[in-house]
Amino acid sequence: MSDEFAVPLCRGHHRAVHRSGNEQAWWKLLGIEPLKVARRLWRQTRQTGSKTATQRAAADRQEVPGLAAENQMAGPS
């Protein structure tokens, strides 16, 4: 499988997804659509447009609102 479908996780969340026993349920519990996040990250790494990093980050937060909230709750890893 390509990295196109990967969502990077910190060590704590990586362990949590394995401990959950059901990855799909784990993502759903967090309110995150992993394929949507992976698609966005993949596009970002290939983007050569005129948007600044700040503009892209603002657009990303609007596209995946649960991701920003989860990252704030996670704290340092």
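The values are calculated or read from the model by the stated rules, or taken from the named source; none is laboratory data. The structure displayed is predicted, hence computed values, not measured ones. Please note: Cβ atoms are built from the backbone with ideal geometry, for glycine as well, and neighbour counts cover all protein chains shown.
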Only one of (1) outside any helix (DSSP H, G or I); (2) modelled with pLDDT of 65 or more does not apply to Ser50, and that is (2)
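Could you check the stretch 1-40 and list, in sequence order, the residues that are in a helix (DSSP H, G or I) and polar (S, T, N, Q)?
Here is the first cut: in the stretch 1-40, the residues in a helix (DSSP H, G or I) are 3-5, 11-20, 23-30, 34-40.
Ser20, Gln24 - these are the residues of the stretch 1-40 that are in a helix (DSSP H, G or I) and polar (S, T, N, Q).
So if I check each of Ala74, Ala57, which one is surrounded by 10 or more Cβ atoms within 10 Å (Cβ to Cβ), more than 22 Å from Ser2 (Cα to Cα) and at pLDDT below 60?
Working: Ala57 fails: at pLDDT below 60.
Only one candidate qualifies: Ala74.
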Is it true that Trp42 is modelled with pLDDT of 80 or more, closer than 18 Å to Leu9 by Cα and in contact with a Pro (Cβ under 7 Å, 6 or more places away or on another chain)? no
